[in-house]
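Step one of this worksheet: look at the structure below.
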């Protein structure tokens with residue numbers, strides 16, 4: 001791996017280990033394409049630093065030399081300016097600097113003293129600096145050694161942090177998952193999922209994108225701009241997988257005091273002359289298309305007199321007497337004053353089925369962790385009674 005550690009007076013550390021890692025202060029994560037081999041570079045923000053992986057085209061790890069008597073079996077190369085050394089060289093320097101005794105430092109590193117002395121001598125030669133003053137009785141740091149000790153510790157710690165972060169990302173314990181949702185219709189299911197994920201995997205960053213209606217969500221998932229989205233079936237995109245997580249009843253929302261407010265059910269034919277409140281035509285909302293389809297099946301085109309950007313505002317306008325609308329049971333909690341909700345008689349569909357959708361070929365470990373948590377947080381409801389064929 002290769003890591004650039006920008007610190008103090010050491011402007012460029014590079015750690016090589018087959019593949020390449022770099023660390024530098026950046027605010028966010030992204031993916032890149034390697035121009036040499038077309039493989040993906042993954043850039044992940046980690047606090048103050050970023051870790052970037054890419055394949056190494058010009059370096060092969062050196063074989064481990066068992067004669068060093070060290071417990072480590074990985075060879076990690078460091079470049080400081082033009083000098084090259086193993087990461088173990090810095091570990092050896094740190095051990096001697098802290099023990100101020102070659103024998104104790106060698107024992108701490110689980111190696112013999114002569115190889116340790118040779119390593120320090122080689123390090124001084126590559127740095128062109130004298131790091132220790134040695135006598136037959138004691139060892140002490142030179143001024144140069146004291147100045148290098150702090151940055152050397154940081155370099156070793158940061159290289160270890162990169163390895164730990166890489167392992168966490170690979171396992172799905174760290175990462176980012178972008179989730180799209182519509183708004184009011186996700187008020188129940190979204191918190192159930194996000195709370196469960198944060199409790200089980202606090203290292204996963206959930207990026208929530210609101211007002212992402214169904215057909216827009218399909219486009220974003222296919223394009224790779226979302227990892228997961230709350231949608232409704234049918235999911236007519238072969239690139240996507242999905243799982244139903246809820247059943248919603250289709251309802252008619254009327255202003256309180258409306259002439260039909262006292263009925264147990266509403267027939268759509270009774271709404272032919274009513275003004276309707278709707279989501280925008282270009283919102284990509286399946287609910288809007290469902291309302292149009294139901295009204296057309298009942299023999300009329302709904303007269304839209306008010307348009308609102310989200311379901312909460314739609315229901316607020318209905319409560320204000322601006323018109324009626326077709327809505328869903330999952331949205332009712334958004335508006336309870338000045339409004340009544342009635343089942344619709346003799347019209348299909350009577351229910352809609354929210355689902356979680358994702359790209360089938362998205363192998364993000366963090367996404368897989370979120371999907372696993374979702375199986376428990378949002379279990380699939382019983383669907384047999386609805387005669388639902390989820391393959392359509």
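Can we say residue 350 is within 23 Å of residue 286 (Cα to Cα) and surrounded by 19 or more Cβ atoms within 10 Å (Cβ to Cβ)?
Working: within 23 Å of residue 286 (Cα to Cα): yes; surrounded by 19 or more Cβ atoms within 10 Å (Cβ to Cβ): no.
So residue 350 fails the test.
Examine region 234-255 for a residue that is modelled with pLDDT under 90 and either within 17 Å of residue 354 (Cβ to Cβ) or part of a strand (DSSP E or B) (or both), and state whether such a residue exists. Let's see the steps before the verdict.
Within region 234-255, the subset modelled with pLDDT under 90 is 234, 236.
Then keep just the ones that are either within 17 Å of residue 354 (Cβ to Cβ) or part of a strand (DSSP E or B) (or both); that gives 234, 236.
Yes, the conditions are met somewhere in region 234-255.
Residues that are under 30 Å from residue 378 (Cα atoms): find the strands (runs of 3 or more DSSP E) completely inside region 127-218 holding 1 or more of those.
Of the strands (runs of 3 or more DSSP E) lying wholly inside region 127-218, those with at least 1 residues that are under 30 Å from residue 378 (Cα atoms) span 175-180, 204-209.
Taking the condition of being surrounded by fewer than 19 Cβ atoms within 10 Å (Cβ to Cβ) and in contact with a helix residue (DSSP H, G or I) (Cβ under 9 Å, 6 or more places away or on another chain), how many residues in region 104-123 meet it?
Of the residues in region 104-123, 9 are surrounded by fewer than 19 Cβ atoms within 10 Å (Cβ to Cβ) and in contact with a helix residue (DSSP H, G or I) (Cβ under 9 Å, 6 or more places away or on another chain).
For region 183-194, state whether one or more residues are over 27 Å from residue 278 (Cβ atoms) and touching a strand residue (DSSP E or B) at 6+ places or on another chain (Cβ under 6 Å).
Looking through region 183-194, at least one residue is over 27 Å from residue 278 (Cβ atoms) and touching a strand residue (DSSP E or B) at 6+ places or on another chain (Cβ under 6 Å).
Hey, residue 229 hits all of (1) outside the structural domain of residue 183 (by TED's automatic domain parsing); (2) in contact (Cβ under 8 Å) with a residue 12 or more places away in the chain but one; which does it fall short on?
Unmet for residue 229, out of (1) outside the structural domain of residue 183 (by TED's automatic domain parsing); (2) in contact (Cβ under 8 Å) with a residue 12 or more places away in the chain: (1).
Conditions tested, residue by residue: (1) outside the structural domain of residue 210 (by TED's automatic domain parsing); (2) buried (at least 16 other Cβ atoms within 10 Å of the Cβ); (3) not in a loop (DSSP other than H, G, I, E, B).
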site	(1), (2), (3)
273	yes, no, no
284	yes, yes, no
296	yes, no, yes
299	yes, no, no
305	yes, no, yes
309	yes, no, no
313	yes, yes, yes
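Among 100, 129, 90, which is the only one that is under 42 Å from the mean Cα position of the chain (by Cα), surrounded by 13 or more Cβ atoms within 10 Å (Cβ to Cβ), modelled with pLDDT of 55 or more and under 19 Å from residue 150 (Cα atoms)?
On the way: 100 fails: under 42 Å from the mean Cα position of the chain (by Cα); 129 fails: under 42 Å from the mean Cα position of the chain (by Cα).
Within the list 100, 129, 90, the selection yields 90.
The conditions are (1) within 24 Å of residue 310 (Cα to Cα); (2) out of contact with any helix residue (DSSP H, G or I) (no Cβ under 9 Å at 6 or more places or on another chain), and residue 224 fails exactly one of them. Which is it?
(1)
The values are calculated or read from the model by the stated rules, or taken from the named source; none is laboratory data. These figures come from a predicted structure and were not determined experimentally. Cβ sites come from the backbone with ideal geometry, for glycine too, and all protein chains shown count toward neighbours.
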